[in-house]
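A short write-up of the structure that comes next.
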Amino acid sequence: MKTKINVKTILILTIIVLLSYSLNAQQGSACPNLDFSQGNFTNWVCKISSSSGVGNTAYSYLTWTGSTPVSGRHTIMTDIYGYDTHTCNGNPNAQLSLVPEGFNQSARIGNDYTMYEADAIVYQMTVDTNNSLLLLHFAVVFQDPDHPDEAQPYFELRIQDANGTLLNVPCNRYAVTCGGGIPGFQDCGTDIHWRDWTTVGVSLYSLIGQTIYIVIATADCGYGGHYGYGYAVGECRPMKINVQYCEGST
């Protein structure tokens, strides 16, 4: 006897398969807590630095220390209905969500203090067939003091080796210095420039067997008094999609 399956049923089954696939990818050993699902910075190294007295606020120009989270500088965000209060003067239709859609948590790197602070988080991962597709979701908030570029607030994503050298893969770095008119950024007629949640997908397939370091860093301005910070959450999965279906079905 044949059983008829309507389109609605097929869609529901497809969603279940995809959700199961995504959860299995995160709960396995491929990249534990890359998505901060443990509600902390387990498997992440948290670093701090100072943007004062340096010629450039970029990641490679700063001296980084520490290994554990610093209160107020490395923060897990869990308010899925919350918004960043600095974005668009409290207009809920044009504010930055603290947590991107599809997640229950994110990490904030940095804060809105104005104390020459620079902050970073680093995730170490050995690439294999289960984590060779890396997805990084990030957002950025800048206060623009209109300083020279080397002293402006700063945000950077990096995929590097143990020596800090960028690895030879597409999209191995996204670096942006605060300023007006930056592609992808918004402002609301104030000195705040911000980028809504953005996803970067990186194929690590050519690096299978190698250990990589995923870095997310932010810095205040080099003269003090103006801030830059970001939000991030990551996930990984194989470079394939497995679909299960009933034998004999269409």
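For this structure, a couple of remarks:
- Total formal charge among the other residues, if their Cβ is under 15 angstrom from that of D79, Lys/Arg +1 and Asp/Glu -1: -1
- Largest-first principal axis extents of the Cα set of segment 57-134 (Å): 41, 36, 21
- For segment 152-244, the calculated P(r), taken from all Cα-Cα distances in 5 Å bins from zero up to the bin holding the longest distance, is 3, 10, 19, 20, 16, 13, 9, 5, 3, 1, 0, 0 percent.
- FRET efficiency for the Y113 to T165 pair, using the beta carbon distance and R₀ = 45 Å, is estimated at 0.90.
- Net charge, C236 excluded, C-beta distance under 11 Å - Lys, Arg +1, Asp, Glu -1: -2
- Summing +1 for each Lys or Arg and -1 for each Asp or Glu among the other residues whose beta-carbon sits under 9 angstrom from that of G179 gives -3.
- Computed FRET value (nearest 0.05) for N130 with T78, which takes r as the C-beta separation and R₀ as 25 Å: 0.40
- A DSSP coil position with no more than 13 other Cβ atoms inside 10 Å describes the following trypsin sites (Lys or Arg not before Pro) in segment 146-250: K240.
- HN-Hα J in Hz across segment 81-96 - Karplus 6.51, -1.76, 1.60, θ = phi - 60°, x for Gly and Pro: 9, x, 10, 6, 6, 8, 8, 6, 6, x, 7, x, 7, 9, 10, 8
- On a per residue basis, segment 159-250 carries 51 Å² of accessible surface, using protein heavy atoms and a 1.4 Å probe.
- For segment 26-65, radius of gyration divided by Kirkwood radius, i.e. Rg to Rh on alpha-carbons: 1.19
- A simple rule links phi to the HN-Hα coupling: the Karplus curve 6.51 cos²θ - 1.76 cosθ + 1.60 with θ = phi - 60°, which for segment 103-109 gives 10, 10, 7, 8, 10, 9, 10 Hz, with x for Gly and Pro.
- For segment 200-216, backbone phi angles converted through the Karplus equation (6.51, -1.76, 1.60; θ = phi - 60°) give residue-by-residue couplings of 10, x, 10, 7, 9, 4, 6, 9, 3, x, 9, 9, 10, 10, 9, 10, 10 Hz, Gly and Pro being listed as x.
The values are calculated or read from the model by the stated rules, or taken from the named source; none is laboratory data. Keep in mind that this is a model prediction, so the values were computed, not measured. Every residue, glycine as well, gets a Cβ built from its backbone with ideal geometry; the counts of neighbours run over all protein chains shown. Keep in mind that these areas ignore ligands, DNA and RNA; they rest on the heavy atoms of the full protein, side chains included. Shrake-Rupley method; radii C 1.70, N 1.55, O 1.52, S 1.80 Å.
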